[in-house]
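What follows is a short report on a single structure.
The values are calculated or read from the model by the stated rules, or taken from the named source; none is laboratory data. Fair warning: this is a prediction, and the values are worked out from it, not measured in the lab. So basically every Cβ, Gly included, is an ideal-geometry build from the backbone, and we count neighbours across all protein chains shown. To get the accessible areas, we keep the full protein, side chains included, count just its heavy atoms, and leave off ligands, DNA and RNA. Shrake-Rupley method; radii C 1.70, N 1.55, O 1.52, S 1.80 Å.
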Amino acid sequence: SIVDRLGVQRLTDLRDDVAIPRQLTDATMTWLSPSGSATPSDMSFGQVSATPKSGVVIAELSEQLLRQSSADRIIESALAAVLAVGRDAAAISGAGGVEPLGILNTPGIGTASGTSIAYSGLVGVQKTVADANAILNPQALGYATTPTVAELLKTRQRFTSTDSPLWRGALHDGEVEGVRAVSSKQVPSATLLYGDWSTVYIGEWGPLMLSVDRGATRFNQAIVGIRALWMVDVFVTAPTGFVKVTSI
């Protein structure tokens, strides 16, 4: 899961819907003279809510396979990996409704054009987040993009006729302008997302659950149905802490 590697926060073992206050505007500090008085300034608050969204994977396997070797561990790992990939996709670009609302579709995040993106454009998205005073955890700042865009940035130089690629390090996990950068097929094509990933929360209503079904039809065919179920939701507490770059 790239979102875990980038620093999202997890709320585990939830039971009820979640409603978290979110500060929208700050109060103002003033300096008070010995004979003066301070003018009150009000903070405004909104609310972020989360409700469980059910991600499901169902597989049908033969009894013979389950009884041979270590197939059960392989199957468990495979189903968990599918759900982890699905959760990544939802956290990044989920459409909302029956699935989580992803960061890219969260109202209030910044936008930028990536046409002919170069050094100044990558620095510019960092400036946008810094100007919004939205960096809560500098260690969780990071870029996420597709392998294709990462390849493009790795072969594009900051300065002509120099060995100074925009993307340094490995293609799957590197660095862009002093900040961690990862690539994944779960990011939409031609898109790059930058921000403070510590402002993203993933709520989990219980652990990933595996259930087995040996219904009448499956019983007669020696087939076992296995269902993996994970109830999660995603919410962003500081949308101005993110910028999406499109049309790269």
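Summary of values
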| quantity | calculated |
| --- | --- |
| Yes/no for ILE135 being within 30 Å of ASP233 (Cβ to Cβ), in contact with a Leu (Cβ under 9 Å, 6 or more places away or on another chain) and not in a helix (DSSP H, G or I) | yes |
| Filter result for ALA91 (aliphatic (A, V, I, L, M), within 23 Å of SER49 (Cα to Cα) and open to solvent by less than 40 Å² (accessible area, probe 1.4 Å)) | yes |
| Flag if ILE226 is among the aliphatic types (A, V, I, L, M) and at pLDDT below 95 | yes |
| Qualifying positions in the range 100-142 - open to solvent by 40 Å² or more (accessible area, probe 1.4 Å), under 21 Å from PRO188 (Cα atoms) and small (Gly, Ala, Ser) | GLY108, SER113, SER116, ALA118 |
| Residues (more than 19 Å from LEU14 (Cβ to Cβ) and aliphatic (A, V, I, L, M)) located in the range 188-236 | ALA190, LEU192, LEU193, LEU210, VAL212, ALA216, ALA222, ILE223, VAL224, ILE226 |
| Any hit, the range 219-231, residues being open to solvent by 20 Å² or more (accessible area, probe 1.4 Å), of a type in the set (D, E, K, R) and without any contact (Cβ under 8 Å) to a residue 40 or more places away in the chain | no |
| Candidate set from the range 195-218 (those that are aliphatic (A, V, I, L, M) and modelled with pLDDT of 95 or more); member that is surrounded by the most Cβ atoms within 10 Å (Cβ to Cβ) | VAL200 |
| Whichever residue in the range 232-248 is of a type in the set (A, V, I, L, M, F, W, C) and either open to solvent by 70 Å² or more (accessible area, probe 1.4 Å) or farther than 23 Å from ALA132 by Cα (or both) and, among such residues, is farthest from the chain's Cα centre (by Cα) | ILE248 |
| Number of positions in the range 229-248 that are polar (S, T, N, Q) and modelled with pLDDT under 95 | 2 |
| Every pair of residues 6+ apart whose Cβ atoms lie under 8 Å, when the first sits in the range 39-54 and is closer than 13 Å to LEU14 by Cβ while the second is part of a loop (DSSP other than H, G, I, E, B) and open to solvent by less than 100 Å² (accessible area, probe 1.4 Å) | PRO52/LEU14; PRO52/TRP205; LYS53/GLU99; LYS53/PRO100 |
| Strands (runs of 3 or more DSSP E) completely within the range 184-229 that count 2 or more residues being within 30 Å of ALA112 (Cα to Cα) | 192-196, 200-204 |
| Scope the range 138-147; condition over 19 Å from SER113 (Cα atoms) and either under 15 Å from the mean Cα position of the chain (by Cα) or part of a strand (DSSP E or B) (or both); matching residues | ALA140, LEU141 |
| Among (1) under 22 Å from LEU24 (Cβ atoms); (2) open to solvent by less than 50 Å² (accessible area, probe 1.4 Å) - the single one THR146 does not satisfy | (1) |
| Those residues of the range 55-93 which are β-branched (Val, Ile, Thr) and free of Cβ contacts under 8 Å to residues at least 12 places away in the same chain, in sequence order | ILE74 |
| Single residue of the range 60-86 satisfying the filter (among the β-branched types (Val, Ile, Thr) and open to solvent by 40 Å² or more (accessible area, probe 1.4 Å)) that is farthest from the chain's Cα centre (by Cα) | ILE74 |
| Residues within the range 154-194 that are under 13 Å from ILE248 (Cβ atoms), crowded, with 19+ Cβ neighbours inside 10 Å and among the small types (Gly, Ala, Ser), tallied | 1 |
| Test: ARG73 is among the charged types (D, E, K, R), at pLDDT 90 or above and under 28 Å from VAL224 (Cβ atoms) | no |
